[in-house]
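The values are calculated or read from the model by the stated rules, or taken from the named source; none is laboratory data. Quantities reported herein were computed from a predicted structural model and do not represent experimental measurements. Neighbour counts run over all protein chains shown; Cβ positions are idealised from the backbone, glycine included. We work out accessible area using only protein heavy atoms, side chains counted, and drop any ligands, DNA or RNA first. Shrake-Rupley method; radii C 1.70, N 1.55, O 1.52, S 1.80 Å.
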Amino acid sequence: QVQVVESGGGLVQPGGSLRLSCAASGSSFSIVAMGWYRQVPGKQRDLVATITSVGTITYADSVKGRFTISRDNTKNTVYLQMNSLKPDDTAVYYCNVRSLVSSSWGQGTQVTVSS
């Protein structure tokens, strides 16, 4: 059983920045990818950014140039630096941790972009 714990959400004004963190623990299998997804009420959960164990990165078009995902493999931790935030970025952000045998989600952290 993989435990996934997110932190770093909050309220920020448009144009501001936030940094999300996600730490994974408890897995006896190597983690192959970690990533961030977001969801607003009534809509599906969408990919924001993912990073594999060898550093391959994928971003949603809507966040390219504004968000940066990074990873510390020694700590099984992934970060999401979010700059130039817009009201449309408001959502619950979920961390996903994927190994060869499982896919685990965190509890989510709320990000609200509002003046």
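Descriptive notes on the structure:
- Estimated FRET transfer efficiency (SER103, LYS64; beta-carbon r; R0 22 Å; 0.05): 0.35
- The lysines whose alpha-carbon is closer than 19 Å to the alpha-carbon of LYS64, local same-chain residues fewer than 8 away aside, are LYS86.
- Over region 48-92, relative contact order from alpha-carbon pairs under 8 Å, at least 6 apart, %: 27 percent
- In a reduced charge model with +1 at each Lys and Arg Cβ and -1 at each Asp and Glu Cβ, region 31-100 shows a dipole moment near 60 debye about its Cα centre.
- Rg over Rh [alpha-carbon atoms, Kirkwood Rh] for the chain: 0.96
- Contact order normalised by residue count of the chain, Cα under 8 Å, 6+ apart, percent: 37 percent
- Under the Karplus curve 6.51 cos²θ - 1.76 cosθ + 1.60, θ = phi - 60°, whole-Hz ³J(HN,Hα) for region 105-113, x wherever Gly or Pro sits: 10, x, 7, x, 9, 7, 10, 10, 10
- Listed by chain and number, the aspartates and glutamates whose C-alpha is less than 20 Å from the C-alpha of LYS75, apart from same-chain residues fewer than 8 away, are GLU6.
- Taking the accessible area of the chain, probe 1.4 Å, and keeping the other protein chains in place, the carbon and sulfur fraction comes to 49%.
- Solvent-accessible heavy-atom area per residue, rounded to whole Å², over region 58-115 at 1.4 Å: 51 Å²
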